[in-house]
Amino acid sequence: MMQPIKIAAILISLALLATMGVGCAVTPKSQPEVQAEASWQFHDIVDVDFVRQYVTVPRPEGVMLIDARPARPKYDKGHIPTAVSIPDSRFDKMTAELPEDKGTLLIFYCGGVKCKLSHKSAARAEQLGYTNVKVFAAGFPAWMKVPGNYASVSTDWVKKQIDNKADMVLVDSRPRRPKYDKGHIPTAISIPDTQFDRFKDQLPADKNQLLVFYCGGFNCKLSHKSALKAIDMGYTHVKVFAAGYPAWKAVAGNLTSGPVPKAVDIKAGKEEGSIDAAAFKKILSENPDSIYLMDVRDPDEYSTGSFKTAVNMPVDKLEDQIASLPVDKPIVFVCGTGARSGEAYYMVRDLRPKLKTVFYLEGELTFNKDGSFTITGPL
């Protein structure tokens, strides 16, 4: 018969082994951590294919796609087309933006699977009584990974790019007459979607160049159709300003290009492509807005003095921007001696031969401190 002391020792050893076995099988806290990680996720998750069926122009009835990310800098510079901005941080202050019908399909998204914002907003929407709420958890990154998908941008973002003279080609997809000619966003070139193939040579050679298409607002398909055509051509950085010209006019109407100025007859100079100096001076004094004046000197030279209506575009940057040159009025290049302006003229003639009304000022151009100027030459 085994002594009581030995039996007790054996029982203690077995108990220790059992405890060690459980410890190896389940790591303490592991299960609670998994549950905590999943607790913030919304209960109804959808994928990109589900979302795509509702990204249509015009926006489908009975559906609202909501971007829960901050408007700046996220939503403004790129969001899923047709999505409205209701940042989760401002949800309680923006509930009036939600539809009155509590049965409306609401699809929230944000910055990807690790982003909680869309899940939090969706839960708040349900608390308000909405009965058909879903979360596109993969969010904006997943949307952009799908071939052929593109992003929309806001009015504020477009205005900022123009103000900062960003390296962007802005394209008006509306018909040239009567829409573009009557009024368009400054710097925009006209490539009507219905004539896209005819005018697509105005697009830049660089397929990585930022292209932003716009047309007549959220119900206008033209910019979206043109964006897809550009993507099919191989352009990799394509966006759509879906709010379009109506939104621009409402927010930045004072910067909107109006009707095309009255046509001006330009007297040619002696050199090929040059403008007559006397005729040039007359245009500046009587009808300066009738021409698009481009100073192709370096920025430091331009800053010391130039014409009031001149835009600075150094000649060594012109080739990259040549597709953005306007077609609604004559272009006149100027520099200090006629050398770089002449180079700009021949560059346009070679790279955009269809742009016929282009000239350059031949001669020595000097700007005085009082704002006056003198032209000597041609040299």
Completion exercise
On the accessible surface of the stretch 64-176, probed at 1.4 Å with all protein chains in place, carbon and sulfur together account for a percent value of 51 percent
Problem - Neighbourhood net charge (14 Å Cβ-Cβ; Lys/Arg +1, Asp/Glu -1) for Ala277 - result: 0
Problem - Under the Karplus curve 6.51 cos²θ - 1.76 cosθ + 1.60, θ = phi - 60°, whole-Hz ³J(HN,Hα) for the stretch 128-134, x wherever Gly or Pro sits - result: 7, x, 6, 9, 10, 10, 9
Exercise for the section: With springs connecting C-alpha atoms under 10 Å apart, model the chain as a Gaussian network and identify which of Lys77, Lys120, Lys308 has the largest mean-square fluctuation. Expected result: Lys308
Exercise for the section: Note the angle between two axes, namely the Cα long axis of helix 222-232 and the longest principal axis of the Cα atoms of the chain, as a number of degrees from 0 to 90, rounded to the nearest 10. Expected result: 80 degrees
Problem - Value of [θ]222 nm, deg cm²/dmol, for the chain, DSSP H segments ≥ 4, -39500 (n - 2.57) each, nearest 500 - result: -9500 deg cm²/dmol
Exercise for the section: Please work out the Cα center distance from the stretch 333-367 to the stretch 196-240, rounded to the nearest Å. Expected result: 28 Å
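Note the full-extension length gain between Glu319 and Asp289 as 0.36 nm times their separation in residues minus their Cα-Cα distance, in nm to one decimal. Before the final figure, lay out each step's value.
Values: separation 30, 0.36 × 30 = 10.80 nm, distance 2.41 nm.
Gain on extension, Glu319 to Asp289, equals 8.4 nm.
Quick one: length gained pulling Lys308 to Leu355 fully straight, 0.36 nm per residue minus the C-alpha distance?
Answer, rounded to one decimal: 14.5 nm.
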Problem - Whichever aspartates and glutamates have a C-alpha closer than 18 Å to that of Lys116, once near sequence neighbours (fewer than 8 apart) are set aside - result: Glu33, Glu37, Asp44, Asp47, Asp67, Asp88, Asp92, Glu126
Exercise for the section: Give me the lysines in straight-line cross-link reach of Lys369: C-alpha distance below 23 Å, same-chain residues under 8 apart excluded. Expected result: Lys281, Lys282, Lys308
Practice task
Calculate the length of the line joining the C-alpha centroid of the stretch 95-147 to that of the stretch 300-326, in whole Å.
Solution key: 45 Å
Handout entry: Contour minus Cα-Cα distance for Asp167 and Asp300 (0.36 nm per residue)
Key = 45.9 nm
Practice task
Filter the cross-link list Lys221/Lys354; Lys120/Lys221; Lys134/Lys160; Lys182/Lys354 down to pairs whose alpha-carbon distance in this structure exceeds 31 Å.
Solution key: Lys120/Lys221; Lys134/Lys160
Exercise for the section: Give the accessible surface of the chain per residue, rounded to a whole number of Å², with probe radius 1.4 Å and ligands, DNA and RNA excluded. Expected result: 54 Å²
Practice task
Scan (1) 24.9; (2) 26.5; (3) 20.5 for the value of Kirkwood radius over Cα pairs in Å calculated from this model and give just the label.
Solution key: (1)
Problem - Lys, Arg +1 and Asp, Glu -1 on Cβ, resulting dipole of the chain about Cα centre, debye, nearest 20 - result: 760 debye
Problem - Reachable aspartates and glutamates, given that their alpha-carbon falls under 18 Å from the alpha-carbon of Lys179 and they are not under 8 places away in the same chain - result: Asp193, Asp328
Practice task
Under a 10 Å cutoff between Cα atoms, tell me which one of Ala278, Ala125, Ala323 has the largest fluctuation in the Gaussian network model of the chain.
Solution key: Ala278
Problem - the stretch 280-293 - phi-based ³J(HN,Hα) in whole Hz, Karplus 6.51/-1.76/1.60, Gly and Pro as x - result: 4, 4, 5, 4, 5, 7, 10, 8, x, 7, 7, 10, 9, 9
Completion exercise
In the neighbourhood of Asp156 defined by beta carbon distances under 10 Å, the net charge of the other residues (Lys, Arg +1; Asp, Glu -1) is +3
Exercise for the section: Rank Thr304, Thr104, Thr337 by mean-square fluctuation in a GNM of the chain with C-alpha springs under 10 angstrom and give only the top-ranked residue. Expected result: Thr304
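The values are calculated or read from the model by the stated rules, or taken from the named source; none is laboratory data. All of these numbers come straight from a predicted model, not from anything done at the bench. Heads up, the Cβs are rebuilt from the backbone with ideal geometry, glycines too, and the neighbour counts pull from every protein chain shown. Quick note on the areas: whole protein, heavy atoms, side chains included, nothing else; ligands and nucleic acids left out. Shrake-Rupley method; radii C 1.70, N 1.55, O 1.52, S 1.80 Å.
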